[in-house]
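Asker: Below is a structure I'd like to ask you about.
The values are calculated or read from the model by the stated rules, or taken from the named source; none is laboratory data. Predicted model, so just to flag it, every value in this text is computed and none were measured. Backbone-built Cβ (ideal geometry, glycine too); neighbour counts: all protein chains shown.
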Amino acid sequence: MLYSSVTRSSVWAALIAACLFQRGSAQVSEYDFVIVGGGTAGLTLANRLSESGDQTVLVLEAGDEPTIVSSYMVPGSNQDVLGSQIDWSLVTGPERTMNDRTITYHQGRCLGGSSAINGMTYARGSSGIYDLWQSLGNDGWSWENVFPFFKKSTTFVQPPPPSENNNVSYTGFDASLYSDGPLQINYANYTTPASGAFIEAMRAIEVYPVGELNGGINLGAKQEPFTIDATQRRSSAYDSFYKEAKSRSNLVVRTSSPVRRIILNQNGSTTVASGVVYIDNRSGNILNATAKKEVILSAGTFHSPQILMLSGIGPAPVLEENAIQLYVNNENVGQGLYDHTYYSLYVRADPETSLTALFNNIYNLQQASQEFTQNEAGPLTAPTGPTYAFEMLSDQNLQALGASELIGARSNQAHVEYLYEPFFYPHLPTPQYGLGRIGESYISLTAGLVAPTSRGNVSIRSDSISDAPVINLRYFETTADQKIAVQSFKNLRKILADPALAPWVVGPDHGEVAPGPSVQSDEDILNYIRNVALPIWHVSGTCAMLPQASGGVVDNRLRLYGVQGLRVVDASIMPVIPDTHVQGPVYMVAEKAAHMIREDWGF
């Protein structure tokens, strides 16, 4: 945010007391299942595979407990945990398609993974995406097949009562879409006045309010629910699935234990995964863990392909270049990277609907902290802005934009997401305007591509897990993505000009300060987008669930091609990125994977 890290640390330390503990100190070396990565998917798997009581499960997590950053559970501090000890803070690029910028990519490095540092949006996306997954050769992954696993993990907490800024018509939910699972879903107790005005203003591009987005139709505008509990605190995989299971004697979780490689053996013509080699960072010892049944790789979209390559599974030229013994030659490992990206229009606003003064003033922040801890209310209950809208472009429009591949096969999917944020968002200086002026208040109208056609990749830097993977995002590489981005940016101006927002903006040009009215041509708009766009942190697809000849790394039961006893379970398996925030789909993938594993092993 806009106040110092020293101030943040002191406020959060006073706000929440940190606790730190280590599970699984006993050095048992043999387990039924070894899970690599204790993130969103890994902890969901650990819970479900250990709940029968007769299967031993080891989780190896490179990071620590999220509680070492005491503010992680405060929704309004979600931007603060980025760059902290529980964030990988990986660096990409330089990105040729983003004017050679390097981008710091935030991914959770702790128990709970990115569910402990993300924006907490809980969403599922359009049914057509999952029907497309099935049509690509993945039997059992249609919307009808996956919906029970979306439902299984969740409990919807009763929404907060209506208030001056909390219009219940924008916070509807259908109880039949949720269950009694460990993950808590809830609405924030706080919104600013322009939040509802933004939803009304979406009519400028013919997007209208809806009551629910999690039933398979991801189109319309509303306030989205978050993974927060009844006390308005974060409900991550750590807070839900892990805490429910952590006392089980058959579950061992070791933090500060990065995996160096998967142990592979040849059994005749068959390659078998028999365990992993990992580092105990507390002692410096290099240890082995044996998997009697399976190794399950849940290290995330960047690290899962990295670990595969370090283990001898991947493109032969890359492995040869790094002097790694080749076990399985699969050129698809690390390819097919999908992500969502966003870019904003920055607007001078009435202080009543902006949080600029909160984050620029230590007294205001302390007051908000007190309101949060004592009353479970106020601006710190809201993770950034809670207001979203999803737009589907017509087939005719897609054809004109050169995006014909998005027509038909994806049926009811959204193509663009719009967000309202009550401050500068994302927190990146603009070339024209920096980060704002002292004494002024701001809001942001943001757009993002949720059906990108550009694809990136991940590779290895060396033969060591200590060296970060090489990441190429390649945003806006295709003409279709460029044209959709420009069109959506022009739509932001239409939304801003709607009369519903007029009472909340200040100054000429409907309050627009960046990029400003001089940026009008398609070329100038695209250049501005290249300069300011950032990830929405939804990276996926680098170990795709597809037939191997079509770019696949795993089959429809998430088993790695060419290796027995090894699965991948995380966002990297998604063959097409969902048209929404991917936290909900990752929980679904893990729930479905646990079900399939239990089926395969008969427990």
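Asker: State all residues of segment 444-481 that are under 30 Å from Ile495 (Cα atoms) and of a type in the set (Val, Ile, Thr); if no residue qualifies, say none.
Answerer: Keep residues of segment 444-481 that are under 30 Å from Ile495 (Cα atoms), which gives 444-455, 473-481.
Thr446, Val450, Thr453, Thr478, Thr479 - these are the residues of segment 444-481 that are under 30 Å from Ile495 (Cα atoms) and of a type in the set (Val, Ile, Thr).
Asker: Asn288: in contact with a Gly (Cβ under 7 Å, 6 or more places away or on another chain) and polar (S, T, N, Q), yes or no? Show your work before the answer.
Answerer: Values: in contact with a Gly (Cβ under 7 Å, 6 or more places away or on another chain): yes; polar (S, T, N, Q): yes.
Yes; evaluated as a whole, the condition is true for this residue.
Asker: Among the residues of segment 480-489, are any among the acidic types (Asp, Glu) and in contact with a strand residue (DSSP E or B) (Cβ under 9 Å, 6 or more places away or on another chain)? Steps first, answer last, please.
Answerer: Residues of segment 480-489 among the acidic types (Asp, Glu): 481.
Cutting the leftovers down to in contact with a strand residue (DSSP E or B) (Cβ under 9 Å, 6 or more places away or on another chain) gives us 481.
Within segment 480-489, one or more residues are among the acidic types (Asp, Glu) and in contact with a strand residue (DSSP E or B) (Cβ under 9 Å, 6 or more places away or on another chain).
Asker: Under the condition of being modelled with pLDDT of 95 or more and in contact with a helix residue (DSSP H, G or I) (Cβ under 7 Å, 6 or more places away or on another chain), which residue from segment 158-197 is nearest to Glu376 (Cα to Cα)?
Answerer: Gln184
Asker: Name the pairs: first residue in segment 73-86 and within 16 Å of Thr121 (Cα to Cα) and touching a residue at least 40 places away in the same chain (Cβ under 8 Å), second residue of a type in the set (Lys, Arg) and crowded, with 24+ Cβ neighbours inside 10 Å, Cβ to Cβ under 7 Å, at least 6 apart or on different chains?
Answerer: Between residues of segment 73-86 that are within 16 Å of Thr121 (Cα to Cα) and touching a residue at least 40 places away in the same chain (Cβ under 8 Å) and residues that are of a type in the set (Lys, Arg) and crowded, with 24+ Cβ neighbours inside 10 Å, the close pairs are Met73/Arg234; Pro75/Arg234.
Asker: Does Tyr343 qualify as being touching an Asp or Glu at 6+ places or on another chain (Cβ under 9 Å), of a type outside the set (A, V, I, L, M), within 30 Å of Asp80 (Cβ to Cβ) and not in a loop (DSSP other than H, G, I, E, B)? Walk me through it before giving the result.
Answerer: Numbers: touching an Asp or Glu at 6+ places or on another chain (Cβ under 9 Å): no; of a type outside the set (A, V, I, L, M): yes; within 30 Å of Asp80 (Cβ to Cβ): yes; not in a loop (DSSP other than H, G, I, E, B): yes.
Taking the combined requirement at face value, the residue does not satisfy it.
Asker: Right, something else. Within the bounds of segment 344-362, is there any residue that is surrounded by 22 or more Cβ atoms within 10 Å (Cβ to Cβ), closer than 30 Å to Gly300 by Cα and in contact (Cβ under 8 Å) with a residue 12 or more places away in the chain?
Answerer: yes
Asker: Can you list residue pairs whose Cβ atoms sit under 9 Å apart, with the first residue in segment 220-231 being over 14 Å from Ala201 (Cβ atoms) and the second being assigned to a loop (DSSP other than H, G, I, E, B) and acidic (Asp, Glu)? Count only pairs 6 or more apart in sequence or on different chains.
Answerer: Ala230/Glu376; Thr231/Glu376
Asker: Give the residue, chosen from Leu326, Leu319, that is part of a loop (DSSP other than H, G, I, E, B), touching a helix residue (DSSP H, G or I) at 6+ places or on another chain (Cβ under 8 Å) and among the aliphatic types (A, V, I, L, M). Don't jump to the end; show me each part of the working.
Answerer: Numbers: Leu319 fails: part of a loop (DSSP other than H, G, I, E, B).
One residue alone meets the criteria, Leu326.
Asker: Val458 - would you say it is surrounded by 17 or more Cβ atoms within 10 Å (Cβ to Cβ), touching an Asp or Glu at 6+ places or on another chain (Cβ under 8 Å) and under 30 Å from Trp141 (Cα atoms)? Walk me through it before giving the result.
Answerer: Numbers: surrounded by 17 or more Cβ atoms within 10 Å (Cβ to Cβ): yes; touching an Asp or Glu at 6+ places or on another chain (Cβ under 8 Å): no; under 30 Å from Trp141 (Cα atoms): yes.
Judged against the criteria, Val458 is not a match.
Asker: Considering only residues of segment 6-65 that are of a type in the set (Ser, Thr, Tyr), surrounded by 13 or more Cβ atoms within 10 Å (Cβ to Cβ) and at pLDDT 95 or above, which is nearest to Ser466 (Cα to Cα)?
Answerer: Filtering segment 6-65 for residues of a type in the set (Ser, Thr, Tyr) gives 7, 9-10, 25, 29, 31, 40, 44, 50, 52, 56.
Applying the additional criterion that residues be surrounded by 13 or more Cβ atoms within 10 Å (Cβ to Cβ) yields 7, 9-10, 31, 40, 44, 50, 56.
With at pLDDT 95 or above added as a condition, the list becomes 31, 40, 44, 50, 56.
Numbers: Tyr31: 25, Thr40: 22, Thr44: 26, Ser50: 30, Thr56: 28 Å.
Per the criteria, the residue is Thr40.
Asker: Something else: Criterion first (touching a residue at least 12 places away in the same chain (Cβ under 8 Å) and closer than 28 Å to Arg260 by Cα) does Val505 satisfy it? Don't jump to the end; show me each part of the working.
Answerer: Values: touching a residue at least 12 places away in the same chain (Cβ under 8 Å): yes; closer than 28 Å to Arg260 by Cα: no.
For Val505, the condition - touching a residue at least 12 places away in the same chain (Cβ under 8 Å) and closer than 28 Å to Arg260 by Cα - is not met.
Asker: Return yes when Gln374 is within 30 Å of Met73 (Cα to Cα) and without any contact (Cβ under 8 Å) to a residue 24 or more places away in the chain and no when it is not. Quick ask: steps written out before the conclusion?
Answerer: Details: within 30 Å of Met73 (Cα to Cα): yes; without any contact (Cβ under 8 Å) to a residue 24 or more places away in the chain: yes.
Yes, satisfied.
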